[in-house]
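This report refers to the structure that appears directly beneath it.
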Amino acid sequence: MASPNLAPMTKRPGPSLAIMVAAGSIIAAIALGVRSTFGLFIDPIVDSIGVDKGTIGLAIAIQNLMWGVAQPFAGAVADRFGTARVLAVGAVGYAAGIVVMSQATSGSDLIVSGFIIGVATGAASFAVVLAAIGRVAPVERRSMALGITTAMGSAGQIVLLPLTRSLLDTNDWQRVLQILAAIAVVIVIATPFLRSVVSTSATAADEPVAVPLRQELRRAAHARSYILLNAAFFVCGFHVTFIGTHLPGYVEQLGQPGATASTALALVGLFNIAGSLAAGVLGAKHSKTKLLAGIYLSRAVVIAAFVLAPKSVGATIAFGAAMGVLWLSTVPLTSGIVAQQFGTAHAGTLFGIVFLAHQLGAFLGAWLGGELADATDSYVSSWWIAIALGLFATVMHLMIDEGPVPEPPPPAESGLRIAPAGGVAALALVAGSAAALAPARAAADTPDGADAAAVPAIYCPIAGSH
C-alpha cells in the first residue's frame, strides 16, 4: 500500500495559511458569485434575442462541461508551476467570455461564450484554490481550511444575486453582464497571495523524488473507491447547476414574484456558509464518506418536500435555506477524501478529475432542465430525477473507502478498465433523456387538431402541477 505522503514538495517561501485562505475565499466568492447569477439572465435573453430556454440551458451546460474538461489540466499546471499564474490567466479569460456573452445576438453566440467561460473557469476555479490550500495546510487543519474557503465562497452569491436582480430591473441585460465581467477581473488582484508550494523533483540527497503523475493516474484508474467518488460527485454537479440555473424559471411558472428566486438563491449562499463550515469541522473528526451519504440523502428529502409541498413563497424561501446547508458542504469533504487517498502532491489533478465528473452532472442539470421545460412546459420531471440521483449518491458513498489507495496490479495483470463511473452515468442519462424527449418534442410541435404523440412513460408518475 502506498503512503499518501510519499511525494514531499520542494518549498519556496510563500504566504501564511491564513492569508492564503483569505485570498482563496475572495477568489471563490467572485468566481462562484458571478456564475450563480447566470440563471437570472435566461428570461431577459429569451425575450431579447428570441432563443428558447433549451438553447440557453445548452450554453450554460457547455460552460460547465468545459469547466470540467479544463479542470484536470489547470490543476496539473498549478501543481507543477504554481497556482497564481493559472488563476490570473483564468480570471482574464472569464471576464472576456462574459463580455462575449453580453454581445450575443443568437444561440450560437451564447454557445461560443459558454465555451470560453467554461475553459477560463477551469483555471479561475475554487478547485485550483482548494488544491493549493490543501497542499500547505497541516493534516489536522486541512479539513477546516477547506471548509472555510468553500464557505466564504458563498459571500459572492449572497451579494451578487440580489445586486444582479436589482441591476436587471433598471438596466438591460447586456450592461449588467459587462458589470459582472469587470467584477471577475478583480480576481487577478488576489492571485499573488495564492503562491504556494510547487511540486518539483527533489534535489536533496535525502529527499525522495515525487511520485510521477502518470503512476498516480494509473493508481486512480484502478481504485474502486476513487471511481465511486467520481460517480457520486456527478450527482452534486447535477443538483447545484439545475437548481442554480432553473429555479428562477420554476418559480416563475409557479406564479411567484421574480425576486423570490433570487432571494432563495441568496439564502442558499448564506446558509452554505454554515453548512460548509460544519462540514469542515465534522470532517476532521468523523468519517467523510458517512457525512457525504447523509448530505445527499438530506438533499433528496429536501427536494422531495419542496416538490410535494403546497406552492408558496414561504416554501421556496425555506427550500433555499435548507438547500444552502447542503449546497457546497460536499466540496471540502470530497476534496479531503482525495487527499487522504493519494496525498497532496498531485491533488490539483486528481481532484480536477473528480471535478470533471461533477461538471458532467452540471452539464446534464443545465441542459436537461431547459430541454424538459421546453418539451413539457414543466420542471417537475427534472426535480424527480434530482431526487433519484440523491439516493444514488447516498448508496455510492456508503461503498467508498476513504483510506490510502493501494498500488494497482502489474500492467500485464490489470486488464482493460472501464471509464470513470461519472462519465458512464452521464452518457447513460443523456442518452435516456434524449430518447424520452424525442416524442415529447414531436407532440409539442404537432399542429392543432392532429393526433399528438403520447407523453413518454417517464412523465406519467409525476404529472400534475408545476
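Would you tally the residues in the stretch 22-55 being surrounded by fewer than 23 Cβ atoms within 10 Å (Cβ to Cβ) and within 16 Å of the chain's Cα centre (by Cα)?
So the answer is 0.
Can you find, within the stretch 327-338, the residue that is farthest from residue 276 (Cα to Cα) among those that are among the aliphatic types (A, V, I, L, M) and either surrounded by fewer than 24 Cβ atoms within 10 Å (Cβ to Cβ) or under 13 Å from the mean Cα position of the chain (by Cα) (or both)?
Among them, the one singled out is 331.
Look through the stretch 83-134, keep the residues that are in contact with a Leu (Cβ under 7 Å, 6 or more places away or on another chain) and among the β-branched types (Val, Ile, Thr), and return whichever of them is farthest from residue 52 (Cα to Cα).
133
Test residue 180 against the stated conditions and say whether it is in a helix (DSSP H, G or I), touching a helix residue (DSSP H, G or I) at 6+ places or on another chain (Cβ under 8 Å) and farther than 19 Å from residue 268 by Cβ.
In short, no.
Are any residues in the stretch 380-432 modelled with pLDDT under 85, crowded, with 16+ Cβ neighbours inside 10 Å and in a loop (DSSP other than H, G, I, E, B), and if so, which ones?
Selection gives 405, 408, 420.
May I ask you to say which residue of 58, 17, 87, 110 is buried (at least 18 other Cβ atoms within 10 Å of the Cβ), modelled with pLDDT under 90 and among the aliphatic types (A, V, I, L, M)?
58
Sort through 266, 279, 300 and tell me the only one that's more than 23 Å from residue 399 (Cβ to Cβ), in contact (Cβ under 8 Å) with a residue 60 or more places away in the chain, surrounded by 18 or more Cβ atoms within 10 Å (Cβ to Cβ) and touching a Leu at 6+ places or on another chain (Cβ under 6 Å).
Going through 266, 279, 300 in turn, just one is more than 23 Å from residue 399 (Cβ to Cβ), in contact (Cβ under 8 Å) with a residue 60 or more places away in the chain, surrounded by 18 or more Cβ atoms within 10 Å (Cβ to Cβ) and touching a Leu at 6+ places or on another chain (Cβ under 6 Å): 266.
When residue 112 is evaluated against the numbered criteria (1) in contact (Cβ under 8 Å) with a residue 24 or more places away in the chain; (2) hydrophobic (A, V, I, L, M, F, W, C); (3) in a helix (DSSP H, G or I), which criterion, by number, is the only one it fails?
(1)
Of all residues in the stretch 318-337, how many are at pLDDT below 90, of a type in the set (A, V, I, L, M) and in a helix (DSSP H, G or I)?
1
Is it true that some residue in the stretch 233-244 is outside any helix (DSSP H, G or I), over 20 Å from residue 154 (Cβ atoms) and not polar (S, T, N, Q)?
No, the conditions are met nowhere in the stretch 233-244.
Among the residues of the stretch 284-301, write down those that are at pLDDT 95 or above and of a type in the set (S, T, N, Q).
Passing the criteria: only 298.
The values are calculated or read from the model by the stated rules, or taken from the named source; none is laboratory data. From a predicted model like this one, the values you see are computed outputs, not experimental measurements. A quick note on method: Cβ atoms are made from the backbone with ideal geometry, for glycine too, and the neighbour counts reach across all protein chains shown.
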